[in-house]
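Participant: Once you've had a glance at the structure underneath, I'll fire off some questions.
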There are 2 protein chains.
Amino acid sequence: MPPGSEDRRPLLEWISAEYHGMNGGHYETLNSSPSAVEFSRICHISRPVLVKGYSVPTDQRWSDSYLSTAMSDRPVSVAVTPNGYADAVTAGPHGKKYFAEPHIQQMTMSSLLARLNGIHEDQEKRDEAYYLQSQNGNLFSSAFFDEHSGEVDLSEFMPLREDVPSEISWCSEALGRHPDAVNLWIGNNRSVTSIHSDSYENIYHVVRGRKVFTLLPPTEGWCLEERLYPHATYVRSDPDAPLALSPSPDVAPVRWSSIQHPDRRGALPSQAHPISITVSAGETLYLPAGWWHHVKQSSEITIALNWWYDIEPRGMAWVWLNLLRGGDDVPPGNVEKDDDQTM
Amino acid sequence: MPPGSEDRRPLLEWISAEYHGMNGGHYETLNSSPSAVEFSRICHISRPVLVKGYSVPTDQRWSDSYLSTAMSDRPVSVAVTPNGYADAVTAGPHGKKYFAEPHIQQMTMSSLLARLNGIHEDQEKRDEAYYLQSQNGNLFSSAFFDEHSGEVDLSEFMPLREDVPSEISWCSEALGRHPDAVNLWIGNNRSVTSIHSDSYENIYHVVRGRKVFTLLPPTEGWCLEERLYPHATYVRSDPDAPLALSPSPDVAPVRWSSIQHPDRRGALPSQAHPISITVSAGETLYLPAGWWHHVKQSSEITIALNWWYDIEPRGMAWVWLNLLRGGDDVPPGNVEKDDDQTM
């Protein structure tokens with residue numbers, strides 16, 4: 001926990017109890033895409049909504065053979081870990097806990113799909129977890145949307161772009177902006193996304209398979225036991241060696257939740273009210289900025305797309321999220337009291 | 001200041017500094033009515049916007065003679081005070097300060113307009129301030145919008161309704177609801193509205209004259225030195241007697257700002273950033289829920305309409321406004337510290 005936040009605990013508990021009292025644990029399901037004005041209202045409320053009936057050309061087209069043929073021998077960047085936990089807290093040498101980044105390995109789409117289908121290539125009998133999760137705008141990055149950015153519009157997935165809308169009309173119109181990044185995700189149940197939050201409005205569409213989101217509102221972040229963990233990366237000493245966690249002494253420690261399985265009963269304190277939402281193929285989740293999310297996937301190959309839109313910088317949202325995250329510069333609220341005591 | 005809020009002061013100062021750092025003291029001006037989706041975005045940002053170009057039939061029609069003829073001899077309820085401060089902190093007997101409610105007097109529209117024009121009727125030479133400000137949905141109340149409310153749809157201003165839209169299309173569509181109340185306001189520079197905030201989204205349209213709003217964001221409410229004041233009401237011992245302030249011992253004390261003139265230089269601490277917006281005839285102000293406002297009027301007869309829409313109850317807005325207002329049940333943030341000290 002960052003300095004000072006222990007003192008803020010009663011305030012954070014009060015905020016989260018008030019918020020839950022007003023909102024409960026409900027989420028809305030829509031049977032068709034919202035209009036722009038409806039989605040603008042939804043963003044203002046900033047609670048998750050499951051949208052059924054927003055379809056993308058990918059939903060019908062993206063078989064294994066289609067993807068392999070379209071991508072041919074282009075290399076794609078895949079996160080590899082021994083245990084499926086990339087960007088997560090993991091025990092390293094001597095049991096010490098690290099925030100571990102995955103090894104990034106280049107492979108063809110057909111090789112990735114074969115591995116996810118359990119068909120290992122001869123030279124790799126190791127039981128490693130593969131997850132295409134580069135999440136850097138791997139389909140469309142800000143360079144695509146901002147021609148004045150000076151950056152080059154690159155994507156490993158150029159041949160797949162024609163199947164993916166670069167933006168979602170009802171979302172862009174509601175928010176009055178283009179997306180900041182559009183990403184492709186391909187994995188299976190070996191890979192789990194550890195609980196975290198992003199300062200983006202997120203539209204998450206499942207193309208194949210099924211994802212189970214465990215969500216907490218921004219107000220309940222204090223239940224997640226965030227700590228500072230030293231940084232490490234999975235590396236191979238040679239291409240055939242198994243992955244080993246390599247500490248990165250020059251990288252600043254990473255603040256991350258200590259709760260590995262918030263989806264399990266009893267993992268969170270009673271003041272937390274996790275919401276579980278299963279997003280099946282053809283369905284779309286609005287995941288509001290600042291909401292904590294842990295994501296599991298079905299055992300079959302699971303493919304998803306997400307559109308990240310910048311959060312509205314005007315107004316209060318940013319200040320509130322900062323307060324709830326408890327940055328080090330937020331005063332605990334008892335400075336005057338301390339001053340009095342020193343007199 | 002309510003119990004506990006002294007301890008919260010450093011936190012409130014931090015929030016207001018962050019908010020001002022992100023938003024500055026800017027307000028937007030639109031030269032035409034926003035679309036529904038634009039207004040939804042504006043409500044999400046929750047900062048004041050001056051709209052030029054939204055016109056109401058009243059703007060051309062409501063001369064003194066039109067209003068007097070239309071209203072004929074119907075009685076209307078007018079707030080009367082000796083000093084123009086209704087619903088404000090005022091010195092009473094022996095200099096003690098009270099939250100003073102006005103005397104409510106029935107008169108015809110033509111009589112009200114004559115008095116506001118400085119043409120006193122014979123029997124009233126007293127220099128009293130008159131302000132039609134009943135603000136109870138005097139044009140359209142919730143009974144008009146909700147046919148199932150069981151309440152009778154009453155208005156003192158039935159003949160004027162045909163000139164006033166019961167709702168504003170871009171606002172109702174953006175918020176997904178009807179107004180809760182629509183009010184008519186008629187006064188002159190004798191009457192001032194003391195600084196306060198409402199938990200309503202407010203659309204304020206000036207028909208004649210000019211209003212000057214001094215606004216503070218919800219984050220700067222702590223600068224307003226709210227205190228609990230005993231309640232009192234202006235009364236007359238007989239119809240010809242001058243007004244006297246009569247304490248109401250059975251009414252709970254009222255929490256109200258101690259700052260009578262926040263529009264004057266030096267009246268507020270340096271951490272407050274008041275925004276002054278002049279709304280002229282034919283212009284419309286979006287005054288977001290929770291924003292503090294002090295309102296002065298031009299010396300000519302000033303007529304305005306306002307539409308109050310309920311604040312969105314879902315999401316965080318209500319919790320944040322409650323936190324910033326510092327209700328008595330908000331913990332100061334240092335309970336654990338206190339507990340430690342008692343051990």
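Residue-wise test of (1) more than 14 Å from every other protein chain (Cβ to nearest Cβ); (2) modelled with pLDDT under 95.
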position: B:GLU6; (1), (2): no, yes
position: B:PRO10; (1), (2): no, yes
position: B:TRP14; (1), (2): no, yes
position: B:GLY24; (1), (2): no, no
position: B:ILE45; (1), (2): no, no
position: B:GLY92; (1), (2): yes, yes
position: B:GLY95; (1), (2): yes, yes
position: B:SER110; (1), (2): yes, no
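Participant: Answer yes or no: is there a residue in region A:143-159 that is in contact (Cβ under 8 Å) with a residue 40 or more places away in the chain and either closer than 27 Å to B:ARG41 by Cβ or within 14 Å of chain B (Cβ to nearest Cβ) (or both).
Facilitator: no
Participant: Still on this model: Out of the residues in region B:314-332 meeting the condition of being more than 16 Å from A:PRO217 (Cα to Cα), more than 20 Å from the chain's Cα centre (by Cα) and at the interface with chain A (Cβ under 9 Å from one of its Cβ atoms), tell me which one is modelled with the highest pLDDT.
Facilitator: B:LEU323
Participant: While we're here: Is it fair to say A:ARG41 is closer than 27 Å to A:THR214 by Cβ and free of Cβ contacts under 8 Å to residues at least 12 places away in the same chain?
Facilitator: On the way: closer than 27 Å to A:THR214 by Cβ: yes; free of Cβ contacts under 8 Å to residues at least 12 places away in the same chain: yes.
Here the answer is yes, as A:ARG41 does meet what is asked.
Participant: Ok, one more. With the condition kept exactly as written, say whether any residue in region A:80-90 is at pLDDT 95 or above and farther than 26 Å from A:LEU228 by Cα.
Facilitator: no
Participant: So which of B:ILE301, B:ILE259 ends up being β-branched (Val, Ile, Thr) and more than 25 Å from B:GLY137 (Cβ to Cβ)? Steps first, please.
Facilitator: Working: B:ILE301 fails: more than 25 Å from B:GLY137 (Cβ to Cβ).
The conditions single out B:ILE259.
Participant: Do the conditions hold for A:ALA304, that is, is it at pLDDT 95 or above and more than 19 Å from the chain's Cα centre (by Cα)? Talk me through it step by step, then tell me what you get.
Facilitator: Values: at pLDDT 95 or above: yes; more than 19 Å from the chain's Cα centre (by Cα): no.
It is false that A:ALA304 is at pLDDT 95 or above and more than 19 Å from the chain's Cα centre (by Cα).
Participant: Here's another thing I want to ask about it. Is one or more of the residues making up region A:94-115 under 29 Å from A:SER257 (Cα atoms), surrounded by 15 or more Cβ atoms within 10 Å (Cβ to Cβ) and among the β-branched types (Val, Ile, Thr)?
Facilitator: Kept after step one, since they are under 29 Å from A:SER257 (Cα atoms), are these residues of region A:94-115: A:94-105.
Next, from what is left, pick out any that are surrounded by 15 or more Cβ atoms within 10 Å (Cβ to Cβ): A:97-103, A:105.
Remaining after also requiring among the β-branched types (Val, Ile, Thr): none.
Within region A:94-115 (the criterion being under 29 Å from A:SER257 (Cα atoms), surrounded by 15 or more Cβ atoms within 10 Å (Cβ to Cβ) and among the β-branched types (Val, Ile, Thr)), the answer is no, since none of the residues qualifies.
Participant: On to the next question. Please determine whether any residue of region A:273-291 is closer than 24 Å to B:ASN322 by Cα, modelled with pLDDT of 95 or more and surrounded by fewer than 20 Cβ atoms within 10 Å (Cβ to Cβ).
Facilitator: The answer is yes, given that some residue of region A:273-291 is closer than 24 Å to B:ASN322 by Cα, modelled with pLDDT of 95 or more and surrounded by fewer than 20 Cβ atoms within 10 Å (Cβ to Cβ).
Participant: Moving to a separate point now. Just checking: which of the strands (runs of 3 or more DSSP E) contained wholly in region A:243-289 hold 2 or more residues that are under 30 Å from A:ARG208 (Cα atoms)?
Facilitator: Numbers: elements: A:244-247, A:254-257, A:275-280, A:283-287.
Ranges flagged: A:254-257, A:275-280, A:283-287.
Participant: Here's a follow-up. Take the residues in region B:26-40 that are more than 19 Å from A:HIS44 (Cβ to Cβ), more than 10 Å from chain A (Cβ to nearest Cβ) and in a loop (DSSP other than H, G, I, E, B); name whichever of them is most open to solvent (accessible area, probe 1.4 Å).
Facilitator: That would be B:ASN31.
Participant: Any residue in region B:226-241 that's in a loop (DSSP other than H, G, I, E, B): show its pairings with residues that are among the charged types (D, E, K, R) at Cβ separation under 9 Å, as long as the two are six or more apart or on different chains.
Facilitator: As it stands, the answer is B:PRO230/B:LYS96; B:PRO230/B:LYS97; B:ASP240/B:GLU124, since those pairs meet every condition given.
Participant: Scan region B:41-96 for residues that are assigned to a loop (DSSP other than H, G, I, E, B) and closer than 30 Å to B:GLU312 by Cα and jot them down. Can you show your working first?
Facilitator: Here is the first cut: in region B:41-96, the ones assigned to a loop (DSSP other than H, G, I, E, B) are B:46-48, B:53-57, B:62-63, B:72-75, B:82-84, B:87, B:92, B:96.
Listed by number, the residues that qualify are B:SER46, B:ARG47, B:PRO48, B:GLY53, B:TYR54, B:SER55, B:VAL56, B:PRO57, B:ASP87.
Participant: Across region A:186-202, which residue is farthest from the chain's Cα centre (by Cα) among those that are surrounded by fewer than 24 Cβ atoms within 10 Å (Cβ to Cβ) and either over 19 Å from A:ARG264 (Cβ atoms) or within 14 Å of another protein chain (Cβ to nearest Cβ) (or both)? Write out each step before concluding.
Facilitator: Residues of region A:186-202 that are surrounded by fewer than 24 Cβ atoms within 10 Å (Cβ to Cβ), as a first pass: A:188-190, A:192-194, A:196-200, A:202.
The next check asks that each one be either over 19 Å from A:ARG264 (Cβ atoms) or within 14 Å of another protein chain (Cβ to nearest Cβ) (or both); those that pass are A:188, A:197-200, A:202.
On the way: A:ASN188: 15, A:SER197: 7, A:ASP198: 7, A:SER199: 10, A:TYR200: 10, A:ASN202: 9 Å.
Ranking the candidates gives A:ASN188 first.
Participant: Among the residues of region A:290-313, which ones are among the aliphatic types (A, V, I, L, M), in a loop (DSSP other than H, G, I, E, B) and away from chain B (no Cβ under 14 Å)? Please lay out each step first, then the result.
Facilitator: Residues of region A:290-313 that are among the aliphatic types (A, V, I, L, M), as a first pass: A:295, A:301, A:303-305, A:311.
Next, from what is left, pick out any that are in a loop (DSSP other than H, G, I, E, B): A:301, A:311.
Correct list: A:ILE301 only.
Participant: Which residue out of A:PRO313, A:PRO253, A:PRO262, A:PRO269 is touching a Pro at 6+ places or on another chain (Cβ under 8 Å) and open to solvent by 40 Å² or more (accessible area, probe 1.4 Å)? Before you say what the answer is, go through the steps one by one.
Facilitator: On the way: A:PRO313 fails: touching a Pro at 6+ places or on another chain (Cβ under 8 Å); A:PRO262 fails: open to solvent by 40 Å² or more (accessible area, probe 1.4 Å); A:PRO269 fails: touching a Pro at 6+ places or on another chain (Cβ under 8 Å).
None of the other options fit; the residue is A:PRO253.
Participant: Considering every residue within region A:49-56, establish whether at least one is within 14 Å of chain B (Cβ to nearest Cβ) and farther than 30 Å from A:PRO230 by Cβ.
Facilitator: Checked region A:49-56: at least one residue is within 14 Å of chain B (Cβ to nearest Cβ) and farther than 30 Å from A:PRO230 by Cβ.
Participant: Given the criteria open to solvent by 20 Å² or more (accessible area, probe 1.4 Å), closer than 20 Å to A:SER299 by Cα and touching an Asp or Glu at 6+ places or on another chain (Cβ under 8 Å), does A:PRO82 qualify? Quick ask: steps written out before the conclusion?
Facilitator: Numbers: open to solvent by 20 Å² or more (accessible area, probe 1.4 Å): yes; closer than 20 Å to A:SER299 by Cα: yes; touching an Asp or Glu at 6+ places or on another chain (Cβ under 8 Å): yes.
When the stated conditions are applied, A:PRO82 passes them.
Participant: Also, quick follow-up: Could you list all residues from region B:166-204 that are out of contact with any Cys (no Cβ under 7 Å at 6 or more places or on another chain) and either farther than 28 Å from B:ALA100 by Cβ or without any contact (Cβ under 8 Å) to a residue 40 or more places away in the chain (or both)? Break it down stepwise before answering.
Facilitator: Of region B:166-204, the ones out of contact with any Cys (no Cβ under 7 Å at 6 or more places or on another chain) are B:166-173, B:176-200, B:202, B:204.
Answer for region B:166-204, where residues must be out of contact with any Cys (no Cβ under 7 Å at 6 or more places or on another chain) and either farther than 28 Å from B:ALA100 by Cβ or without any contact (Cβ under 8 Å) to a residue 40 or more places away in the chain (or both): B:SER166, B:GLU167, B:ILE168, B:SER169, B:TRP170, B:CYS171, B:SER172, B:GLU173, B:GLY176, B:ARG177, B:HIS178, B:PRO179.
Participant: Farther than 16 Å from B:GLU300 by Cβ and without any contact (Cβ under 8 Å) to a residue 24 or more places away in the chain, is that true of B:GLY221?
Facilitator: Details: farther than 16 Å from B:GLU300 by Cβ: yes; without any contact (Cβ under 8 Å) to a residue 24 or more places away in the chain: no.
No.
A quick yes/no check of all residues on (1) buried (at least 20 other Cβ atoms within 10 Å of the Cβ); (2) among the β-branched types (Val, Ile, Thr):
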residue	(1), (2)
A:THR219	yes, yes
A:THR233	no, yes
A:ARG236	no, no
A:ASP240	no, no
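Participant: Okay, moving on. Kindly indicate whether A:SER191 is among the hydroxyl-bearing types (Ser, Thr, Tyr) and over 24 Å from A:ARG115 (Cα atoms).
Facilitator: Working: among the hydroxyl-bearing types (Ser, Thr, Tyr): yes; over 24 Å from A:ARG115 (Cα atoms): no.
No.
Participant: Here are the criteria: (1) surrounded by fewer than 21 Cβ atoms within 10 Å (Cβ to Cβ); (2) away from every other protein chain (no Cβ under 14 Å); (3) within 22 Å of the chain's Cα centre (by Cα). Tell me which single one A:VAL182 does not satisfy.
Facilitator: Condition not satisfied by A:VAL182: (1).
Participant: Next question, about the same structure. Can you tell which of B:LEU132, B:LEU50, B:LEU67 is surrounded by 15 or more Cβ atoms within 10 Å (Cβ to Cβ), touching a residue at least 40 places away in the same chain (Cβ under 8 Å) and over 20 Å from the mean Cα position of the chain (by Cα)? Quick ask: steps written out before the conclusion?
Facilitator: Values: B:LEU132 fails: over 20 Å from the mean Cα position of the chain (by Cα); B:LEU50 fails: over 20 Å from the mean Cα position of the chain (by Cα).
Within the list B:LEU132, B:LEU50, B:LEU67, the selection yields B:LEU67.
Participant: So, in region B:144-175, of the ones that are part of a loop (DSSP other than H, G, I, E, B) and of a type in the set (A, V, I, L, M, F, W, C), which residue ends up most open to solvent (accessible area, probe 1.4 Å)?
Facilitator: Within region B:144-175, the first condition is being part of a loop (DSSP other than H, G, I, E, B), and the residues that meet it are B:146-157, B:164-168.
Filter once more, keeping what is of a type in the set (A, V, I, L, M, F, W, C): B:152, B:154, B:157, B:164, B:168.
Values: B:VAL152: 107, B:LEU154: 126, B:PHE157: 0, B:VAL164: 8, B:ILE168: 0 Å².
Result: B:LEU154.
The values are calculated or read from the model by the stated rules, or taken from the named source; none is laboratory data. Everything numeric in this text was worked out from a predicted model, so none of it was measured. Ideal geometry is used to build each Cβ from the backbone, glycine not excepted, and the neighbour counts take in all protein chains shown. Side chains included, ligands, DNA and RNA excluded: accessible areas come from the protein's heavy atoms. Shrake-Rupley method; radii C 1.70, N 1.55, O 1.52, S 1.80 Å.
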